[in-house]
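Below is one structure, written out as structure tokens; the observations come after it.
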Amino acid sequence: MDFKLTEEHIMIRDAARDFARNELLPGVIERDEKQEFPSEQIKKMGELGFLGMMASPEFGGGGMDTISYILAMEEISKIDASASVVMSVNNSLVCWGIDTYGSQEQKKKYLSKLTTGEKLGAFCLSEPEAGSDATSQRTTAIDKGDHYLLNGTKNWITNGNSADYYIVIAQTDREKKHKGINAFIVEKGVEGFEIGPKEQKMGIRGSDTHSLNFNDVKVPKENRIGEDGFGFKFAMKTLSGGRIGIAAQALGIASGAYELALDYSKQRKAFGTEICNHQAIAFKLADMYTSIEASRHLVMKAAWEKDQGANYDLSGAMAKVYASKTAMDVTTEAVQVHGGNGYVKEYHVERLMRDAKITQIYEGTSEIQKIVISRGILRD
Ligand code: CAA
């Protein structure tokens, strides 16, 4: 067993770290406060290759492994989880989905622009009445010969307004249940496609979350991904990889908060010494570091399994449920280590604590991950 990173991995991690410190850190507090999407920064991330890291080089992707991707995700998430969710959705859900299951035409037309950041993607599965229960799709896509007619509403869509291309999951044949679900690529601006108001969120406030309405939207047949009825499996397979990305995001939020708490504890004095010299604080740091390292091993293992071509449904779910709990625990303790300053925006940890919560909710709640894990254990 070799836990060492390769030189290339270290290079990618360091590039992401530099980018996060130089380009994302300035203004991160203001963007959070104003709920401002980091447009300029996302454009630069595209130019640097952070938006299509694992996609095929033939279509502008980086052709990198999942380990490289999660190392970059961790570094970006330490500083700005709003930027890293944009990165995660574009890489793991949209680019990976089209690269793995899309037609050559879809890859030429859509993927080659998504990998470079020229265009941005969104993944639209959740609905007002189909969040965790993803097979209960109410959005319909009726087969009209050369096109599908799309009707329905999608909720909580990341990149809701900023995206250009939307992967939309919809029910074509209700009698076939999940086997009658399809996935489509829908372009922004087509007739009948309306973007609802922006959600006012607790955390990841720089990201852009909207509901979407589809009213008799014509989707060309060639925009369906895969065979008729493949949409639910497409969504599940794509989300399995997405969960590794969100686990890496949670890991980044936790390690970002830990590093801030560690630095602070070495500077702040109380009762005549730096607070890290008090066991009450030192033990908190020990617990934080241990759970971060445990999360890192789970996230790395899931990424490694994906790179090996093994099944990563279980390891991805375990990584997400554990790393997201770690993110909540560690950010909460990081606020505590900072005391009164932890409750103040300029010290960053209160934002990280608010950002951490969503990692237990999106791309499958912690409860859904436990369904996936328990079914996997009981099946084997
Ligand atoms: N890979 C391939 N196929 C899979 C699969 C996987 N990982 N998981 C399930 N399937 C298949 C099953 O094999 C089954 O197919 P067959 O009938 O052919 O065998 C089919 O899908 C239905 O599976 P289940 O019977 O297990 O379905 P279920 O109704 O019990 O639900 C679930 C399973 C795991 C709970 C699923 O509904 C789920 O993952 N829900 C959560 C949805 C979710 O993650 N939403 C996140 C929204 S996206 C987002 O957040 C993005 C963002 O913007 C950040």
Checklist entry - Pick from region 127-165 the residues that are within 14 Å of the ligand (Cβ to nearest atom) and among the acidic types (Asp, Glu): which of them is nearest to Lys179 (Cα to Cα)? => result Asp133
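Residue check: is Met1 of a type outside the set (Asp, Glu), out of contact with any strand residue (DSSP E or B) (no Cβ under 8 Å at 6 or more places or on another chain) and surrounded by fewer than 16 Cβ atoms within 10 Å (Cβ to Cβ)? First the steps, then the outcome.
Values: of a type outside the set (Asp, Glu): yes; out of contact with any strand residue (DSSP E or B) (no Cβ under 8 Å at 6 or more places or on another chain): yes; surrounded by fewer than 16 Cβ atoms within 10 Å (Cβ to Cβ): yes.
Considered against the rule, which asks whether it is of a type outside the set (Asp, Glu), out of contact with any strand residue (DSSP E or B) (no Cβ under 8 Å at 6 or more places or on another chain) and surrounded by fewer than 16 Cβ atoms within 10 Å (Cβ to Cβ), Met1 comes out as yes.
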Checklist entry - Within region 81-101, is even one residue in a loop (DSSP other than H, G, I, E, B), at pLDDT 95 or above and surrounded by 16 or more Cβ atoms within 10 Å (Cβ to Cβ)? => result no
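Would you kindly identify the strands (runs of 3 or more DSSP E) lying entirely within region 130-221 that contain at least 3 residues that are over 23 Å from the mean Cα position of the chain (by Cα) and farther than 21 Å from Glu36 by Cα? Break it down into steps so the answer makes sense when it comes.
Details: elements: 140-143, 147-158, 165-171, 181-187, 193-198, 209-220.
In region 130-221, the matching strands (runs of 3 or more DSSP E) lie at 140-143, 147-158, 209-220.
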Checklist entry - So how many residues does region 199-217 have that are loosely packed, with under 15 Cβ neighbours inside 10 Å and of a type in the set (D, E, K, R)? => result 1
Next on the checklist: Being buried (at least 22 other Cβ atoms within 10 Å of the Cβ) and over 21 Å from the mean Cα position of the chain (by Cα) is the requirement here; does His278 meet it?
Outcome noted: no
Item to check | Ile371 buried (at least 22 other Cβ atoms within 10 Å of the Cβ) and within 10 Å of the ligand (Cβ to nearest atom) | outcome: no
Checklist entry - Being within 15 Å of Glu259 (Cα to Cα), of a type in the set (Phe, Trp, Tyr) and either outside any helix (DSSP H, G or I) or in contact with a helix residue (DSSP H, G or I) (Cβ under 9 Å, 6 or more places away or on another chain) (or both), is that true of even one residue in region 325-343? => result no
Checklist entry - So which residues in region 129-181 are of a type in the set (Lys, Arg) and under 20 Å from Lys218 (Cα atoms)? => result Arg138, Lys144, Lys154, Arg174
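Which is within 20 Å of Ala250 (Cα to Cα), surrounded by 23 or more Cβ atoms within 10 Å (Cβ to Cβ) and of a type in the set (A, V, I, L, M, F, W, C), of Ala72, Ala170?
Ala72
The values are calculated or read from the model by the stated rules, or taken from the named source; none is laboratory data. Being a predicted model, the structure only gives us computed values, none of them experimental. Because the Cβ atoms are built from the backbone with ideal geometry, glycine has one as well, and the counts that use them run over all protein chains shown.
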